[in-house]
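The values are calculated or read from the model by the stated rules, or taken from the named source; none is laboratory data. The structure displayed is predicted, hence computed values, not measured ones. Cβ placement follows ideal geometry from the backbone for every residue including glycine, while neighbour counts extend to all protein chains displayed. Ligands, DNA and RNA are excluded from the accessible area calculation, which covers all protein heavy atoms including side chains. Shrake-Rupley method; radii C 1.70, N 1.55, O 1.52, S 1.80 Å.
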Amino acid sequence: MNSGARIMDGTALAKRIRDEVRERANRLRSRGVEPTLATVLVGNHGPSLAYVRAKNKRCDEVGVRTVQVELASGTTTNDVVAAVERLAGDASAHGILVQHPVPTPIDRRAAFEAVPLLKDVDGVSSASLGRTILGMLAFVSCTPSGIMRLLSEYNVPLEGVEAVVVGRSAILGRPMASMLINAHATVTLCHSRTRNLAEQVARADVLIVAIGRPRFVLGEWIKPGAVVIDAGYNEGNIGDVDFDAARLRAGLITPVPGGVGPMTIATLLEHTVQAAEQQNLE
Ligand code: NAP
């Protein structure tokens, strides 16, 4: 038995990324450009409010300005789309984030589609996802993008390896699988209808779990020496992987918290300064 996997420290890497973002934001400001992230927030969903607060705090720390459009829960899809379109036409807003989930019956897809490609720093539109799949330049959804950065930071080889992604959402599992395919991994994408999930997971040299069920992936499923990335975030700071058991078999593993989570916001900040740079080329 392994004496314990090496921990992939997302907190430390995210801090380094934020330090780089701060320098880029300063350079932009010295040219008269104030990098700005605009958030559209609908209703008062507790975790969303907490996420937006955390994100705004991180923006402040690195010198990215935030503006917020707050809409009541009873708002219509048309009103949300109109708010996004106003920001799309506002040259001072470089990145747009539609905080989700949005309350039912608002059509979040319609809101996402109103975000223009160059401002889609959260990578939620079908245009961004399509370009991600094709390996074309785009802002890739922040969590999978942050995971690729972590894999690269820890020199995890991807070419030819068996990668298994559990979860197929448009913001996480699907772009993740696409990026791994583009990095030449052999990818299996699992979901709630997958048969024998344990057998699929056991083949993984690189395992990415993003399902939203606490400690669902058991340690005994993990291939010895595998790289285990837990994107799950459940109440009480619990991941989707049974960390204590999995770390005894894995070679590298992300903790929850302190693994994938900090990378998501750092990536959003990085995308925002990149968008501001692209929209203000010298
Ligand atoms: P989601 O939209 O609810 O998607 C969950 C996915 O998991 C779906 O594809 C679902 O399959 C699959 N799934 C559910 N139960 C399963 C099971 N028993 N076996 C296999 N697959 C199963 O969730 P999400 O937005 O992708 O988020 C996933 C997790 O990541 C959550 O814990 C969330 O909090 C976390 N997250 C973390 C960050 C971060 O910054 N760290 C960011 C975003 C999300 P079907 O498609 O068949 O329904």
Percent relative contact order of the chain, based on C-alpha pairs within less than 8 angstrom and at least six residues apart? 23
Roughly to the nearest percent, how much of the accessible area of the stretch 32-116 is carbon and sulfur, given a 1.4 Å probe? 52
Once amide H atoms are built 1.01 Å from N in the peptide plane, which residues 5 or more positions from Thr188, or in another chain, come under 5 Å H to H? Ala163, Val164, Val165
GNM on the chain, C-alpha springs below 10 Å: top fluctuator among Gly32, Gly232, Gly43? Gly32
Backbone N within the stretch 18-34 under 14 Å of label point (7 Å from Glu282 Cα along the Cβ vector): 24-33
Compute the distance from the alpha-carbon center of the stretch 103-120 to that of the stretch 150-194, in whole Å. 25
Tilt relative to the chain, helix 142-153 - C-alpha long axis, 0 to 90 degrees, to 10: 50
With a ≥ b ≥ c taken as the square roots of the eigenvalues of the C-alpha gyration tensor of the stretch 20-71, please select rounded if a/c is under 1.5 and otherwise prolate if a/b is larger than b/c or oblate if it is not? oblate
Expressed as an acute angle from 0 to 90° and rounded to the nearest 10, what is the orientation of the C-alpha long axis of helix 77-88 relative to the principal long axis of the chain? 80
Could you tell me the calculated FRET efficiency between Leu218 and Ile7, based on Cβ-Cβ distance and R0 = 22 angstrom, to the nearest 0.05? 0.70
What is the packing order of peptides 167-173, 149-155, taking the mean over residues of other C-beta atoms within 10 Å and listing the highest first? 167-173, 149-155
Extension gain (nm, one decimal) between Asp60 and Asn78, 0.36 nm per residue minus Cα-Cα: 3.4 nm
The stretch 32-116: C-alpha gyration tensor shape, a/c 1.5 cut-off, then a/b vs b/c: oblate
If you take every residue apart from His191 with its C-beta less than 14 Å away from the C-beta of His191, what net charge results, scoring Lys and Arg +1 and Asp and Glu -1? +4
Averaging over every viewing direction, what projected area does the convex hull of the Cα atoms of the stretch 142-260 cover, in nm²? 6.4
Amide H contacts under 5 Å for Ala38, restricted to residues at least 5 apart in sequence or on another chain and with H modeled in the peptide plane, are Val67, His94, Gly95, Ile96, Leu97
So, relative contact order of the stretch 32-116 in percent, Cα under 8 Å, 6 or more apart, is 42
At 0.36 nm per residue, minus the direct Cα-Cα distance, what do Leu49 and Val67 gain on full extension? Give it in nm, one decimal, please. 5.1 nm
In vacuo Debye scattering of the chain, one point per C-alpha: log10 I(q)/I(0) at q = 0.10 Å⁻¹? -0.52
